[in-house]
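So the structure is just underneath, and the comments pick up after that.
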Amino acid sequence: MLTRLKNYLTYVDAKLKHDAPLQILYHSLNVLSIRVQPFYIMQEGLFTDTNPFELPHLQTYTVDWFEHADMHRIADLPDRNTPVKEMLARLDQGDLCLAVEDGNQIVAFTWCNLTWCDFSGYRFRLADDEAYLYDAHTAAAYRGMGVAPFIRYRLYEELARVGRLRLYSFTERFNRAAIRFKQKLNSRIVDSGLYIQLFGRWSVSRNSRHFKHTIRQ
């Protein structure tokens, strides 16, 4: 219990240091069970034959798919706040988690869903050549080393091997760092929307529907 509390406080501290003021406001409302989330849906994917991002700061590293036994290690990271039970459920439903490790240390990881684009308020079933990317995270000690774009592009490559070339993700409109990150990966905005949830019970979502009903066809 104390470990979970410590991890949550570290998570909040990281939010205060790195997030834009509007993001902090939205996070504060979320603590009060009021979720207001304006978002972009981004399309990502391969844009070169080889991974243009390298890890010169890491002498040795490994990249592999994480399994059930690794979820406790993710949960123990000081700035993570996702319960082990939730991550195990992701794996059980077929989601995948690709990770970079430096020896026994988790450097970064990113998740993908091959069945559903499962973002709150914007849910649709994926085609055989699509995937939904979510929950990308880099450990605090390895930030600023170019790890995030490296593992993201590596995920593109792994998914391309099984025919998944059209990749989607969501970005909060006021998360400038995330938008710059996606731009570095040649991602493009294909739709936008707003999701509001009150007290975990009532929710409403607004989006153009142009992407789901026109662009994807």
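Just so it is clear, none of the values below were taken in a lab; they were calculated from the coordinates. Since the structure is predicted, the reported quantities are computational estimates derived from the model, not experimental observations. Backbone-built Cβ (ideal geometry, glycine too); neighbour counts: all protein chains shown.
Remark on the range 97-163: ratio of C-alpha radius of gyration to 2.2 N^0.38 Å is 1.22.
Here the gap between MET145 and ALA89, fully extended at 0.36 nm per residue and compared with their Cα-Cα distance, gives a gain of 17.1 nm. Net length available on complete extension from ILE189 to ASP76 is 37.3 nm, with 0.36 nm assigned per residue and the Cα-Cα distance removed. Would you please give the FRET efficiency between THR62 and ARG123, computed as 1/(1 + (r/R0)^6) with r the Cβ-Cβ distance and R0 = 45 Å, to the nearest 0.05? So the FRET efficiency works out to roughly 0.85.
Ranking of LEU165, LEU55 by neighbouring Cβ atoms within 10 Å, starting from the fewest: LEU165, LEU55. Under conditions of 4 °C and 1.567 mPa s, the range 39-191 yields 81 µm² s⁻¹ as its translational diffusion coefficient, taking Rh as the Kirkwood radius over Cα pairs in the Stokes-Einstein equation. For the range 79-134, pairs of C-alpha atoms spaced more than 19 angstrom apart make up 36 percent of the total. Given in Å, the Rg to one decimal and the Dmax to the nearest whole number for the Cα atoms of the range 140-180 are 12.6, 34.
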